Amino acid sequence: EQARSGRSFLFYPEGTCQRMPGLLSFHLGAFETAAQAGLSVVPITLCGTRHILRPDTWFPHPGSVSVYIGEPITPPSTNETENNTWAQAVHLRNAAREHILNRCGEPDLGYERIVI
């Protein structure tokens, strides 16, 4: 409802914070919300935060952070996906993750199982 009204949201789709470098798989919830509302997703890549904001302490460490804002990714509209919000959500998630992975400078841990 709020997404359809034009309100902007910011999601952290990995859903966790860990010290080990690497981009984990993304949870689908934010992308389902965007697909259901017919909204685009803007991928934002943060580099350097893992060193500065370590998960084992609230004390920030010195360093620099880079932010890369990508172009909006729109839900695809084909015969296959037009009324299929699940397919649209998967497309949005995969496209956003690929964009972020190409810019973050960390390994792909999408198939790793992380136990917290």
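The values are calculated or read from the model by the stated rules, or taken from the named source; none is laboratory data. On a predicted model such as this, the values are computed, not experimentally measured, just so you know. Neighbour counts are summed over all protein chains in view; Cβ atoms, including those assigned to glycine, are modelled from backbone coordinates with ideal geometry. Accessible surface areas use protein heavy atoms only, side chains included; no ligands, DNA or RNA. Shrake-Rupley method; radii C 1.70, N 1.55, O 1.52, S 1.80 Å.
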Which of (1) within 16 Å of TRP86 (Cβ to Cβ); (2) open to solvent by less than 60 Å² (accessible area, probe 1.4 Å); (3) outside any helix (DSSP H, G or I) does PHE31 not meet, given it meets every other one? (3)
Restricting to segment 53-107, name every residue that is aliphatic (A, V, I, L, M) and either more than 16 Å from ARG19 (Cβ to Cβ) or touching a strand residue (DSSP E or B) at 6+ places or on another chain (Cβ under 8 Å) (or both). VAL65, VAL67, ILE69, ILE73, ALA87, ALA89, VAL90, LEU92, ALA95, ALA96, ILE100, LEU101
Exactly one of these conditions fails for PRO72: (1) on the phi > 0 side of the Ramachandran plot; (2) surrounded by fewer than 11 Cβ atoms within 10 Å (Cβ to Cβ); (3) not polar (S, T, N, Q). Give me its number. (1)
All conditions in (1) open to solvent by 60 Å² or more (accessible area, probe 1.4 Å); (2) modelled with pLDDT of 95 or more; (3) of a type outside the set (Gly, Ala, Ser); (4) outside any loop (DSSP other than H, G, I, E, B) are true of LEU92 except (1)
Quick check on my filter: what residues within segment 1-59 are touching a Phe, Trp or Tyr at 6+ places or on another chain (Cβ under 6 Å) and either over 11 Å from LEU92 (Cβ atoms) or among the hydroxyl-bearing types (Ser, Thr, Tyr) (or both)? THR45
Every residue from segment 40-60 that is modelled with pLDDT under 90 and in a loop (DSSP other than H, G, I, E, B): GLY48, LEU53, ARG54, PRO55, ASP56, THR57, TRP58, PHE59, PRO60
Qualifying residues in segment 37-52 (those that are among the hydrophobic types (A, V, I, L, M, F, W, C) and over 27 Å from MET20 (Cα atoms)) - the one least open to solvent (accessible area, probe 1.4 Å): ALA37
